[in-house]
1. I'd like the residue in region 38-69 that is at pLDDT below 90 and outside any helix (DSSP H, G or I) and, out of all such residues, is farthest from residue 28 (Cα to Cα).
2. So which residues in region 137-155 are surrounded by 15 or more Cβ atoms within 10 Å (Cβ to Cβ) and under 13 Å from residue 197 (Cα atoms), if there are any at all?
3. Please specify each residue of region 16-37 satisfying the condition of being touching a residue at least 24 places away in the same chain (Cβ under 8 Å), part of a loop (DSSP other than H, G, I, E, B) and exposed (fewer than 15 other Cβ atoms within 10 Å of the Cβ).
4. Taking region 70-90, which residues are more than 17 Å from residue 15 (Cβ to Cβ) and touching a helix residue (DSSP H, G or I) at 6+ places or on another chain (Cβ under 7 Å)?
5. I'd like to check which strands (runs of 3 or more DSSP E) are fully inside region 113-207 and have at least 1 residues that are within 30 Å of residue 217 (Cα to Cα) and either in contact with a helix residue (DSSP H, G or I) (Cβ under 6 Å, 6 or more places away or on another chain) or free of Cβ contacts under 8 Å to residues at least 12 places away in the same chain (or both).
6. Which count do you get for residues in region 187-217 that are crowded, with 18+ Cβ neighbours inside 10 Å and over 46 Å from the mean Cα position of the chain (by Cα)?
């Protein structure tokens, strides 16, 4: 017994119309003239874009009329249309699901890039803060003596405080400071005006300098 194999076509309704029309060497203008169906609706039918056709009743009438014009079976055309309508919701759902995944992936990428951007901004601010902290001069507080002081003694005590990691010099001589950054040093004076220069500087920072003018009578 011989079996006859039947090829199953994946051809859409629109493709079927277009193929039949082209085989008859007819353009859409000719079809419009013969059927009185506006060319925009004929294009919509061949593309399967049925939403552009005003209503189900008009669409079915257009399909039957178009089919008769091309010597196609109107009943088979309507049956094919119905089958496509059953498949379309599933196709729409799948497309929507894929679009949702793409959108979610897109949002996820934006979120990741935003996090990286925020991290880089925070890192930049941290680096700027650290650099500023390194190069900024230390604090230098001179508690004694006051400026423009007039005394009769030949010595004076310089008392102050700076950062614990800063070096202190008085008149270009490094002096000892205690563990909290405090320092206390007796300075010899000469008769007349004396200028005392007190400076403090961290390893990589700018130097801070303060002056005290002392008059010895």
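The values are calculated or read from the model by the stated rules, or taken from the named source; none is laboratory data. These numbers come from a predicted model, not from an experiment. Every residue, glycine as well, gets a Cβ built from its backbone with ideal geometry; the counts of neighbours run over all protein chains shown.
1. Ranking the qualifying residues of region 38-69, first place goes to 55.
2. 140, 142, 145
3. If the condition is that a residue be touching a residue at least 24 places away in the same chain (Cβ under 8 Å), part of a loop (DSSP other than H, G, I, E, B) and exposed (fewer than 15 other Cβ atoms within 10 Å of the Cβ), then 24 is the only one that fits.
4. Listed by number, the list holds a single entry, 74.
5. Values: elements: 140-144, 149-151, 155-162, 167-170, 173-175, 182-188, 192-201.
Output list reads 173-175.
6. Residues flagged as crowded, with 18+ Cβ neighbours inside 10 Å and over 46 Å from the mean Cα position of the chain (by Cα) within region 187-217 amount to 7.
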